[in-house]
1. Once you order the gyration tensor axes a ≥ b ≥ c over the Cα atoms, which shape class does the chain get: rounded for a/c under 1.5, otherwise prolate or oblate by comparing a/b with b/c?
2. Quick one: what are the phi-derived ³J(HN,Hα) couplings along region 18-33, Karplus 6.51/-1.76/1.60 with θ = phi - 60°, whole Hz, x for glycine and proline?
3. Name the trypsin sites (Lys or Arg not before Pro) in region 5-98 that are in a loop by DSSP and that have at most 12 other C-beta atoms within 10 Å, would you?
4. State to the nearest 20 debye the size of the charge dipole of region 7-144 about its Cα centre, where the only charges are +1 on K and R beta carbons and -1 on D and E beta carbons.
5. With every protein chain left in place, what is the accessible area per residue of region 40-144 in square angstrom, probe 1.4 Å?
6. In the full protein assembly as shown, how much of residue 98 is accessible to a 1.4 Å probe, in Å² to the nearest 10?
7. Accessible area of the chain with a 1.4 Å probe: how many percent of it is carbon plus sulfur?
8. Taking 0.36 nm per residue of separation and subtracting the Cα-Cα distance, what length does fully extending residue 106 through residue 136 add?
Amino acid sequence: MSLTAPPAPAPRITYGAVLGRPYVARLLGGTLTGRLPNGMAPVAILLWATASGSSIAFGGLLSALYGLSSALAQPVKGRLMDRHGQSAVHLPAALLNSARLVALPLAGPYGGPGLATAIVVGGGLATPPLEAGLRALWPSVLAS
């Protein structure tokens, strides 16, 4: 027989309660919209490579390099966000990433595989760290 009372059950938190909090819908909508290129860019790179006459293997390599360079740069950008704030990192990263992805089809016929690889890796390195930014904002947005 235990002399202590059983712990109180945790309060039930619903999706409606979370989504009804101020700023939550705007933050989720913004990051979901901002993360769309993370899923579309590798497919677009692969399609571009095959449409421009390269092999599907080279397109797959470019897509993999984009994802790998993006993943490798995320901790560095997270540290930059801690030091300088999210806006100071997100805006330049988004502009640089977009410029690189736009430059890929423009520079492709002229530069060959080396330039395409450099553009894709540079674009991956500049992918904005939206997931880390949202994760850091949750405690302040959902504070009781």
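1. Values: a/c = 2.87, a/b = 2.45, b/c = 1.17.
Prolate is the answer for the chain, as a/c is 1.5 or above and a/b outweighs b/c.
2. 6, 5, x, 5, x, 6, 5, 4, 5, 5, 5, x, x, 6, 5, 5
3. 12
4. It comes to approximately 360 debye.
5. Here the per-residue accessible area is 55 Å².
6. Residue 98 exposes around 60 Å² with every protein chain in place.
7. On the way: 6550 of 9290 Å².
Whole-percent figure for carbon plus sulfur exposure: 71.
8. Gain on extension, residue 106 to residue 136, equals 7.2 nm.
The values are calculated or read from the model by the stated rules, or taken from the named source; none is laboratory data. A quick note: this is a predicted structure, and the numbers were derived from the prediction, not measured. Backbone-built Cβ (ideal geometry, glycine too); neighbour counts: all protein chains shown. Quick note on the areas: whole protein, heavy atoms, side chains included, nothing else; ligands and nucleic acids left out. Shrake-Rupley method; radii C 1.70, N 1.55, O 1.52, S 1.80 Å.
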